[in-house]
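**Q** Encoded as structure tokens, here's the structure I'll be asking about.
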Amino acid sequence: MKKKILIIGGGVSGLSAGIFAQMNGFDSEIIEMHTITGGQCTAWKRKGYTFDYCLHWLVGSSFGAYYDIYRKTDVITSETKIIYSDIYLGLKDESGKDFVIYTDIDKWEKFLIDYAPEDVRAIRKMCGNMRSASLLDSFDNAPGSRSIFEYISKLFTMLPALMVVSKYGKLSCAQYIDSLGLKNEKLKQNLGRIFGDGNFSSLALIMMIGWFHRKNAGYLIGGSLAIAERMTKKFLSLGGTLTTGKKAVKLNVNDGKVSSVILDDGTEKPADIVINTADLYSVMNTLLEGKYTPPEMQTAFDTWELFKPIVQVSIGVNKKIESKYNVMQIPASGKSIGSTQIKNTIGFMNYSFDPTMAPDGKTTLVVRFETPWNLWKDISDEKYTAEKEKIKQDVISILESEFPGITASIEETDVATPLTDIRYTGVRNGSYEGFLITPGTFMASLPNKIPALKNFYLAGQWLTPGGGLPPSIQSGKWVVQTVCKDFKMKFQK
């Protein structure tokens, strides 16, 4: 008889785990609290507009360890259209001269030297770091399932990238920008606006542009919801079972094993193996009542920084909106959007490059900005409604200043807050991407097993600071590899 695996959480990590579990001979069932799968890899539709919450670009879209998993899980199929933009983003400069980040390092290097010729040496150093970092790739297999050949092969191919990681990984973006010794204050200011806020690791800046340069971080037409739908279809086609609209509320533990999962409707689901891909803090402290949290995980809960939550305002416009850049940072220092004080910029996306996001002749626009969790955690229903309305009006006012006359053509709006994220995914403090990747955590990770529980495993973005789609999807494969090893089964790639 096949061993029964229950997977708590139907995000991309849960779907990936389910797909690999089915391919390896398990009988797997996904329990998802929302009515659809995908978790934060999602979108919603309003009057024909699609408002995407997740996908900007996908690392590993062309080759490498991530790409191999995408093909096996149908994140990418032979029919998936992928586009690679020439420009990552544009920043509107108060001086009237736009600051642009090109996805081609050679082109960006030339732009930067023209922008700040006095910093040619520092610019070439930074761009050289990015070229080296572009060689970085993930391991194919989970820890404990790698051969010595895999370690040697990766070390040989990634040596230049690893040298950059070793040298700069412990610097924040702001510290890295300072280390360059830039003389041009506008260049330093603009890099700081885009990358230098907070304690974000410098690798975010260095590696990201490198991936763009190698055409290995493209945008999948159809966006987030299409990814989740393809993965779900693959899981079901392999014989997996999907239970939606039900929330796991307790794990029964007997003799050091999770024997069953209790759902919010009282249903009890027995299991041989349980894989959690849902919010890690909630599961360890609520479903398992804080009894089995290993010390290194508790340290992470207590000391690792979280991504700041965001507000997303989505706008459906009843005409084509042309913008100079599809992705922009709009300076808004000192402005307020609702009760949130903006420190530097707000993010703007014009989805006109994806024809699936709006009806013909219309445009979907999205504005995103970080917001303090304290503004939301105890807000009343009355204040919440008023805050969302104020946010909507403030964002429309900003768009009106960027695109005069646009207000009259807006026919649909939607405001998603940190509480929206919690309602549909249960994510801790609205932290949409889990633990922040900082100079102190850039090489850190959490294990995918709980020592005190023999049959309880973990996957998802909470295991790896930085979170996001690629490591989440990969964790689904890796956790099934770990299960196969523990149960003395051969993993089928």
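**Q** Report yes if G334 is at pLDDT below 95, small (G, A, S) and closer than 24 Å to E389 by Cβ, otherwise no.
**A** yes
**Q** Let me ask another. How many residues does the stretch 288-300 contain that are assigned to a helix (DSSP H, G or I) and surrounded by fewer than 18 Cβ atoms within 10 Å (Cβ to Cβ)? Full working, then the answer.
**A** We begin by selecting, within the stretch 288-300, every residue assigned to a helix (DSSP H, G or I); these are 295-300.
Still in the running and surrounded by fewer than 18 Cβ atoms within 10 Å (Cβ to Cβ): 295-296, 298-299.
Here the count works out to 4.
**Q** Then there is this: Determine, yes or no, whether D98 is among the acidic types (D, E), touching a strand residue (DSSP E or B) at 6+ places or on another chain (Cβ under 7 Å) and closer than 25 Å to Q329 by Cβ. Outline the logic, then answer.
**A** Numbers: among the acidic types (D, E): yes; touching a strand residue (DSSP E or B) at 6+ places or on another chain (Cβ under 7 Å): yes; closer than 25 Å to Q329 by Cβ: yes.
Spelling it out, D98 is indeed among the acidic types (D, E), touching a strand residue (DSSP E or B) at 6+ places or on another chain (Cβ under 7 Å) and closer than 25 Å to Q329 by Cβ.
**Q** Of all residues in the stretch 1-49, how many are within 24 Å of L365 (Cβ to Cβ) and more than 21 Å from the chain's Cα centre (by Cα)?
**A** 4
**Q** Give all pairs with beta carbons closer than 7 Å in which a residue from the stretch 29-44 that is free of Cβ contacts under 8 Å to residues at least 60 places away in the same chain meets a residue that is of a type outside the set (V, I, T) and outside any loop (DSSP other than H, G, I, E, B); count only pairs at least 6 apart in sequence or on separate chains.
**A** none
**Q** Taking the conditions exactly as written (more than 27 Å from G198 (Cβ to Cβ) and in the same structural domain as G361 (by TED's automatic domain parsing)), does K250 satisfy them or not? Walk me through how you get there before you give the answer.
**A** Details: more than 27 Å from G198 (Cβ to Cβ): yes; in the same structural domain as G361 (by TED's automatic domain parsing): no.
Spelling it out, it is not the case that K250 is more than 27 Å from G198 (Cβ to Cβ) and in the same structural domain as G361 (by TED's automatic domain parsing).
**Q** Kindly provide the set of residues from the stretch 193-205 that are of a type outside the set (A, V, I, L, M) and either crowded, with 21+ Cβ neighbours inside 10 Å or in contact with a helix residue (DSSP H, G or I) (Cβ under 6 Å, 6 or more places away or on another chain) (or both), ordered by number.
**A** Result: F195, G196, F200, S201, S202.
**Q** Just to be sure I understand, how many residues within the stretch 42-63 are farther than 28 Å from H213 by Cβ, in a loop (DSSP other than H, G, I, E, B) and either of a type outside the set (G, A, S) or touching an Asp or Glu at 6+ places or on another chain (Cβ under 8 Å) (or both)?
**A** 2
**Q** Please verify whether the stretch 440-458 includes one or more residues that are touching a Lys or Arg at 6+ places or on another chain (Cβ under 8 Å), of a type in the set (D, E, K, R) and surrounded by 17 or more Cβ atoms within 10 Å (Cβ to Cβ).
**A** No, the stretch 440-458 contains no residue that is touching a Lys or Arg at 6+ places or on another chain (Cβ under 8 Å), of a type in the set (D, E, K, R) and surrounded by 17 or more Cβ atoms within 10 Å (Cβ to Cβ).
**Q** Please go through the stretch 125-142 and give me each residue that is closer than 16 Å to A217 by Cα, surrounded by fewer than 21 Cβ atoms within 10 Å (Cβ to Cβ) and modelled with pLDDT of 90 or more, ordered by number.
**A** Once the filter is applied, which keeps residues that are closer than 16 Å to A217 by Cα, surrounded by fewer than 21 Cβ atoms within 10 Å (Cβ to Cβ) and modelled with pLDDT of 90 or more, the stretch 125-142 yields only R131.
**Q** Report, by residue number, each residue of the stretch 437-476 that is under 13 Å from the mean Cα position of the chain (by Cα), closer than 22 Å to D302 by Cβ and hydroxyl-bearing (S, T, Y).
**A** Scanning the stretch 437-476 gives a single hit, T464.
**Q** Further question: Would you mind listing the strands (runs of 3 or more DSSP E) fully within the stretch 187-272 where at least 3 residues are modelled with pLDDT of 95 or more and farther than 30 Å from Y292 by Cα? Break it down into steps so the answer makes sense when it comes.
**A** Numbers: elements: 217-220, 241-244, 248-254, 257-263, 268-270.
Because the criterion is at least 3 residues that are modelled with pLDDT of 95 or more and farther than 30 Å from Y292 by Cα, the strands (runs of 3 or more DSSP E) in the stretch 187-272 that meet it are 217-220.
**Q** Based on this model, can you work out whether F491 counts as assigned to a loop (DSSP other than H, G, I, E, B), aromatic (F, W, Y) and either within 21 Å of the chain's Cα centre (by Cα) or at positive phi (or both)?
**A** On the way: assigned to a loop (DSSP other than H, G, I, E, B): yes; aromatic (F, W, Y): yes; either within 21 Å of the chain's Cα centre (by Cα) or at positive phi (or both): no.
So F491 fails the test.
**Q** For the stretch 66-116, enumerate the residues that are surrounded by fewer than 18 Cβ atoms within 10 Å (Cβ to Cβ), touching an Asp or Glu at 6+ places or on another chain (Cβ under 9 Å) and not charged (D, E, K, R).
**A** Listed by number, the residues that qualify are I83, I113.
The values are calculated or read from the model by the stated rules, or taken from the named source; none is laboratory data. Predicted model only: the values in this text are computed from it and were never measured. Quick reminder, even Gly has a Cβ in these numbers, built from the backbone with ideal geometry, and neighbours come from all protein chains shown.
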